[in-house]
Amino acid sequence: MRGFPVLRMPEDYAASGRRAVRVTLAAAAGFYLFRYGLGQPVAATYALFSAVAVGGLSHIPGSGRQRAATVTRALPVCWLLVAIGTYLSVRTWCAVVGMLLIGFALAFAAVGGPRPAGAAPGLQLLYILPSFPPYDPGSLAERLIGTTTGLMLFVLVETLVLGEPSPPSYRERAAAAALTAAGTSARLSTPPYALTADDLRAAQHSGEELRPLTVPEAERPAGPAVRDRALTDTGLAIRTLLNRLALLPSPPPSPPGPEIVSVLTAVTGLAADTAACLRGGPSPTTSYADLAAARARLSALSADSTASADGGHPASTATRESSATLLRRHAAVLEIADAALTMGPAAALAVHGRRAAVTAAPGRFWYASLRGPSLWWYRIRGHAGQGSVFFQNAVRLALALTAARLVAGVDTLPHGFWAMLATLTLTRTTVDETWSTMRTALTGTFAGALVTAAVLVLVGADTVWYAVALPLWMLFAFTVGPVKGIGWAQGLFTVLVALVFAQLAPPTWHLAEVRMLDVLIGSAIGAVLGLLAWPRGAHDELRRTVADLLRRAAEIVVATSATVAGGPSADDSVPSRPSVVPGHRSLQHAVVLAESAYAQYQSEPTPFGGKGRRAAPRQVDWQASLIAGHHALWGSERLAEPPRHRMGRVAAASVDALGERVAGRMLLVSASLDPGDDTPTASLRPFDPALTELATEPPDAPRLYYATVSWLNALLHDLSRIARVEGASADPGSHPPRG
């Protein structure tokens with residue numbers, strides 16, 4: 001429900017102007033070809049509005065060639081929409097039911113990623129256009145010819161006219177970050193075995209380059225297909241690897257052992273091979289095997305580095321402290337290896353798909369063996385409920401368009417198409433934003449209607465004048481409207497449609513009156529539906545989904561801690577079969593819903609408080625909660641694998657206590673965020689992430705203990721970021737960037 005895309009900075013006039021030139025060329029060429037060259041006004045109308053739909057109303061991300069490719073793939077869908085709209089328009093009830101079903105389907109297609117989401121408004125318009133008089137199924141061929149011509153002209157000008165440089169792809173960004181990780185790991189494996197301040201800044205910058213907010217929409221791997229999912233996992237793995245490398249504890253005065261150096265050297269090789277793979281090279285098979293072998297040697301050494309519950313000789317305090325330092329470093333290096341061992345197969349899947357030669361642990365890439373329809377089904381099923389903002393938006397818009405179609409059909413509203421177009425472009429995801437947009441749009445439409453009436457009265461039926469003015473006004477409207485905002489866009493578009501229809505039928509000043517009435521009706525319907533259907537958009541939904549995510553993460557923490565403390569089980573005789581902690585799939589689903597709500601939240605303004613004042617932003621770092629969900633998933637998968645040795649009684653009790661405490665704090669933060677919970681918001685307070693149990697090191701603690709403590713400590717750090725310090729600077733999640 002983007003409506004006309006709004007560019008917010010004055011320097012965007014150049015980009016808006018280039019886009020306006022392309023849309024004007026495609027729309028005007030098709031319109032004049034059929035209207036004056038071939039004498040086919042129906043085809044002329046469809047050629048013009050098809051180009052305007054995909055070029056002006058849609059917001060397909062990417063360069064001109066990327067937009068052209070998206071429109072080309074959508075061409076069969078456009079034919080189907082025009083045909084269905086033509087045949088269902090004969091009866092009002094058929095058109096209304098069709099609008100409900102197709103309107104929902106097109107809006108819900110946003111689950112497929114930025115490109116389907118950006119194209120959806122234009123596709124809606126292509127179904128709306130044939131849903132109004134004249135009800136003439138016999139003109140379907142002419143309508144399809146006009147639609148096809150308009151779309152292909154758009155594809156042509158997007159490809160050839162005023163081309164734009166394509167930004168670096170996500171794969172290129174990931175490759176650059178992998179090379180940074182390779183350099184960072186290489187420095188840690190050679191004297192002085194430490195990173196400089198420049199190294200740390202480079203690692204942080206490379207990780208930031210992979211954050212979704214810093215990646216152009218067209219380059220984000222947000223689709224349900226194998227390659228998109230794998231590329232997402234590649235980015236997460238590289239970011240985790242860079243973070244783990246930056247946090248690696250300093251080595252003792254003596255150089256690290258050969259096993260640690262061997263792991264870090266293998267990480268360097270795998271990261272370099274991963275970068276080459278992401279740039280089109282082969283799968284990193286050899287370097288993956290080298291790292292897996294080096295990790296196994298270090299893990300075996302770490303497991304034997306301290307006495308276990310099954311035996312061992314008493315050690316002095318100094319020996320225990322030295323052993324604890326060594327085991328903490330072993331645990332940190334093994335976490336680095338695990339992140340790299342996830343990165344390699346993910347990159348191979350992202351580039352080579354199911355033909356990738358590298359395989360990871362079972363269950364890590366569950367989607368690798370599934371076909372496209374199955375993956376789409378999982379994505380759709382995961383969002384088919386009112387907990388998904390994609391579902392909420394689709395229901396809200398489909399009901400609004402259906403109501404507008406019903407009013408237009410029952411009342412035989414003149415130019416009811418404009419009422420539905422107003423509903424489509426002015427309905428927003430929050431009621432505050434819808435009302436604000438409605439007021440601005442009506443003001444702009446009223447000004448445009450006055451200009452339209454004056455032009456129609458002064459010019460009269462001089463078709464030549466309208467034909468000359470149309471492309472000039474179109475160029476001006478599509479340049480200024482997106483930059484100046486929705487009021488200007490609606491006012492300029494009001495004059496634009498008058499210039500079009502004045503060439504199709506004898507014009508009168510009543511055309512401006514009808515346009516004003518239609519926009520008023522369409523925007524009012526959108527406002528009423530926005531008030532009734534999830535009026536606060538993603539603001540409350542984000543709190544609810546994050547609270548649910550933290551509750552499920554708390555369950556994972558408790559279950560994982562119990563599994564780690566419980567030692568080997570009957571299934572441990574099969575080394576290749578990992579233990580699976582219950583609740584992984586539900587936590588994955590919760591992370592997906594929270595991420596989609598967060599993405600929409602960043603596009604919405606802060607909700608208004610009483611008397612029109614903006615509500616004070618909550619000091620919540622929403623992204624930290626999403627990172628906590630990922631950390632809970634990845635750490636649980638790693639730690640739940642069957643251990644080689646049973647953990648001692650004291651260490652097991654300590655892990656259990658730590659898990660309970662971390663889970664308890666997760667539940668406290670969850671309760672403070674849930675909008676349906678009665679817990680006072682004061683419970684969301686900043687706290688010291690250190691727990692007293694973390695300072696206690698049991699004398700019988702094996703490497704697995706320190707790995708678990710490291711994981712729980714990272715989760716506590718995430719929780720400490722979720723609750724911001726009172727009086728601190730505004731949270732970036734509460735004031736999302738614009739534009």
Inset, instruction - Give, rounded to the nearest 20 debye, the magnitude of the charge dipole that region 329-405 has about its Cα centre when Lys and Arg contribute +1 at Cβ and Asp and Glu contribute -1 at Cβ. - result: 340 debye
Legend entry - 3J(HN,Hα) from dihedral phi, region 95-109, Karplus parametrisation 6.51/-1.76/1.60, rounded to Hz, x for glycine, proline: 5, 5, 5, x, 5, 5, 6, 6, x, 5, 4, 5, 5, 6, 4
Legend entry - Protection proxy ranking of 75-88, 98-111 - average other beta-carbon atoms within 10 Å, highest first: 98-111, 75-88
Inset, instruction - Bin width 5 Å, alpha-carbon pairs only: give the P(r) of region 187-274 as whole percents, running from 0 to the bin holding the largest distance. - result: 3, 12, 19, 21, 17, 11, 8, 5, 2, 1
Inset, instruction - Give a residue-ordered list of calculated ³J(HN,Hα) values for region 584-598 (Karplus: 6.51 cos²θ - 1.76 cosθ + 1.60, θ = phi - 60°; whole Hz; x for Gly, Pro). - result: 4, 5, 5, 5, 4, 5, 5, 5, 4, 5, 5, 5, 5, 5, 5
Legend entry - Hypothetical label at Y36: residues of region 487-505 whose amide nitrogen lies under 13 Å (7 Å Cα-Cβ projection): 503-504
Inset, instruction - Distance between Cα centroids, region 514-528 to region 424-488: provide it in whole Å. - result: 14 Å
Legend entry - FRET efficiency estimate (nearest 0.05) - Cβ-Cβ, S169 to S254, R0 51 angstrom: 0.70
Legend entry - Ranked by how many other beta carbons lie within 10 Å on average, peptides 164-173, 15-24 from highest: 15-24, 164-173
Legend entry - For region 86-237, size of Cβ-based charge dipole, Lys and Arg +1, Asp and Glu -1, in debye: 320 debye
Legend entry - Convex hull of region 115-225 built on C-alpha atoms - directionally averaged projected area, nm²: 11.1 nm²
Legend entry - Separation in nanometres of the label points that stand 7 Å from Cα toward Cβ, at L458 and D198: 6.5 nm
Legend entry - Per-pair calculated FRET efficiency, R0 = 45 Å: R279 and V468 via Cβ, rounded to 0.05: 0.30
Legend entry - Long-range HN-HN contacts of G62 with modeled amide H, under 5 Å: A218
Inset, instruction - Could I have the simple spin-label model distance between R585 and S436, label points 7 Å from Cα toward Cβ, reported in nm to one decimal? - result: 4.2 nm
Inset, instruction - Calculate the dipole size of region 1-121 relative to its Cα centre from +1 charges on Lys and Arg beta carbons and -1 charges on Asp and Glu beta carbons; express the result in debye to the nearest 20. - result: 160 debye
Legend entry - Label point distance in nm, L504-A300, each placed 7 Å from Cα along Cα→Cβ: 7.8 nm
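Every read-out reported here was derived from the displayed coordinates using simple, explicitly stated rules and does not represent laboratory data. It should be emphasised that the depicted structure is a prediction, and the values quoted were computed from it without experimental measurement. Every residue, glycine among them, receives a Cβ derived from its backbone with ideal geometry; neighbour counts consider all protein chains shown.
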